[in-house]
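Peer 1: Please find one structure pasted underneath; my questions will follow.
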Amino acid sequence: MKVTAFKLARISGGFDQATVAMVVGVPENTISKFETGRALPTVGQARLLAEFLGKPTFELFPQGVKGIRA
């Protein structure tokens, strides 16, 4: 399984999926879907994740976000 930039940033930051899910206000399984590419975050969710993880949005989600594809 390919490790996405988002998952790598989460792991290297020392955060589990539950913590990241609380920050964004989504169920934990949604973070898993973002990490596997089965779902895309909204622009607002991507911004929160980028700010929390200290990475640019385009770096975490090079495939784009919901409604805006790269």
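The values are calculated or read from the model by the stated rules, or taken from the named source; none is laboratory data. Not measured: the values here are computed from a predicted model. Side chains included, ligands, DNA and RNA excluded: accessible areas come from the protein's heavy atoms. Shrake-Rupley method; radii C 1.70, N 1.55, O 1.52, S 1.80 Å.
Peer 1: Would you mind working out the accessible area per residue for the chain, using a 1.4 Å probe, and quoting it in Å²? Could the numbers behind the result be given before it?
Peer 2: On the way: 4260 Å² over 70 residues.
Solvent-accessible surface per residue comes out at 61 Å².
Peer 1: Classify the chain: rounded, prolate or oblate, from the alpha-carbon gyration tensor (a ≥ b ≥ c, eigenvalue square roots; a/c under 1.5 rounded; otherwise prolate if a/b is larger than b/c)?
Peer 2: Rounded.
Peer 1: Counting each DSSP H run of 4 or more residues in the chain as -39500 (n - 2.57), what helix-only mean residue ellipticity at 222 nm follows after dividing by all residues, to the nearest 500 deg cm²/dmol?
Peer 2: Value at 222 nm, helices only: -15500 deg cm²/dmol.
Peer 1: Could you calculate the contour length gain from Val23 to Thr42, that is, 0.36 nm times the residue separation minus the distance between their Cα atoms, to one decimal place in nm? Can you show the working numbers first?
Peer 2: Details: separation 19, 0.36 × 19 = 6.84 nm, distance 1.41 nm.
This chain segment gains 5.4 nm when fully extended.
Peer 1: How much of the accessible area of the chain, in percent, comes from carbon and sulfur atoms when a 1.4 Å probe is used?
Peer 2: 57 percent
Peer 1: Tell me, what ³J(HN,Hα) does each residue in region 43-58 have, in order and in whole Hz, if you take phi through Karplus 6.51 cos²θ - 1.76 cosθ + 1.60 with θ = phi - 60° and put x for Gly and Pro?
Peer 2: 4, x, 5, 4, 5, 4, 5, 5, 5, 5, 8, x, 10, x, 4, 5
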